[in-house]
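I have placed the structure first, in the form of structure tokens, so that the comments after it can refer back to it.
The values are calculated or read from the model by the stated rules, or taken from the named source; none is laboratory data. Computed from a prediction, not measured in an experiment: that's the story for all the values here. Here the Cβ positions follow ideal geometry from the backbone for every residue, glycine too, while neighbour counts run over all protein chains shown. Just the protein is used for accessible areas: all its heavy atoms, side chains included, with ligands, DNA and RNA removed. Shrake-Rupley method; radii C 1.70, N 1.55, O 1.52, S 1.80 Å.
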Amino acid sequence: MLDIRRIPPGAAIGLVITLLFMLVAIFAQFLAPYGLGEIAGGVWEPMSSKFPLGTDNLGRDLLSRMIYGAQTTILIAVLATTLSFSLGAILGFTAAVVGGWFDMLMSRFVDLLMAWFCQCFRRRF
């Protein structure tokens with residue numbers, strides 16, 4: 001069973017923020033004060049009680065656009081995670097089963113990626 005007292009504080013904070021982000025994305029139609037493309041005010045209106053984050057160059061409410069943008073962000077994150085997990089699992093299992101030159105090729109490719117990553121970010125792992 002899940003013991004909430006054993007979750008590290010940083011993980012708990014991240015979990016709560018992620019859960020809130022997911023809820024905002026799911027209920028965007030009910031939370032957003034205006035529609036996604038609805039022109040609600042004037043061009044570049046400043047922050048006010050009517051527009052908490054102001055408006056953009058077409059007069060659309062920025063808060064509403066950010067709330068609706070959460071749906072796109074979560075969709076892209078889920079798709080990227082699914083793609084990377086699937087591709088990694090397929091290539092890893094294939095390298096394990098086939099072995100030989102394919103395993104060696106995949107191992108050198110991973111070594112190449114790790115070397116590039118370390119070079120780009122100047123870290124030692």
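Go through (1) touching a Ser or Thr at 6+ places or on another chain (Cβ under 8 Å); (2) open to solvent by less than 80 Å² (accessible area, probe 1.4 Å) one by one and return the number of the condition residue 71 breaks.
All conditions pass for residue 71, except number (1).
Are any residues in region 1-33 closer than 26 Å to residue 78 by Cβ and in a loop (DSSP other than H, G, I, E, B), and if so, which ones?
Hits for region 1-33 are 2, 7, 8, 27, 32.
Would you mention how many residues in region 41-69 are closer than 25 Å to residue 17 by Cβ, assigned to a loop (DSSP other than H, G, I, E, B) and touching a residue at least 12 places away in the same chain (Cβ under 8 Å)?
Taking region 41-69 and keeping what is closer than 25 Å to residue 17 by Cβ, we get 47, 51-54, 61-69.
Now drop any that are not assigned to a loop (DSSP other than H, G, I, E, B), which leaves 47, 51-54.
Applying the additional criterion that residues be touching a residue at least 12 places away in the same chain (Cβ under 8 Å) yields 51, 53.
Counting residues in region 41-69 that are closer than 25 Å to residue 17 by Cβ, assigned to a loop (DSSP other than H, G, I, E, B) and touching a residue at least 12 places away in the same chain (Cβ under 8 Å) gives 2.
Tally up the residues in region 17-64 that are of a type outside the set (A, V, I, L, M, F, W, C), touching a Leu at 6+ places or on another chain (Cβ under 7 Å) and open to solvent by 50 Å² or more (accessible area, probe 1.4 Å), please.
2
State all residues of region 70-125 that are touching a helix residue (DSSP H, G or I) at 6+ places or on another chain (Cβ under 6 Å) and touching a residue at least 24 places away in the same chain (Cβ under 8 Å); if no residue qualifies, say none.
Within region 70-125, 70, 71, 74 meet the criteria.
Small (Gly, Ala, Ser) and either open to solvent by 70 Å² or more (accessible area, probe 1.4 Å) or part of a loop (DSSP other than H, G, I, E, B) (or both), is that true of residue 84?
Against the criterion (small (Gly, Ala, Ser) and either open to solvent by 70 Å² or more (accessible area, probe 1.4 Å) or part of a loop (DSSP other than H, G, I, E, B) (or both)), residue 84 qualifies.
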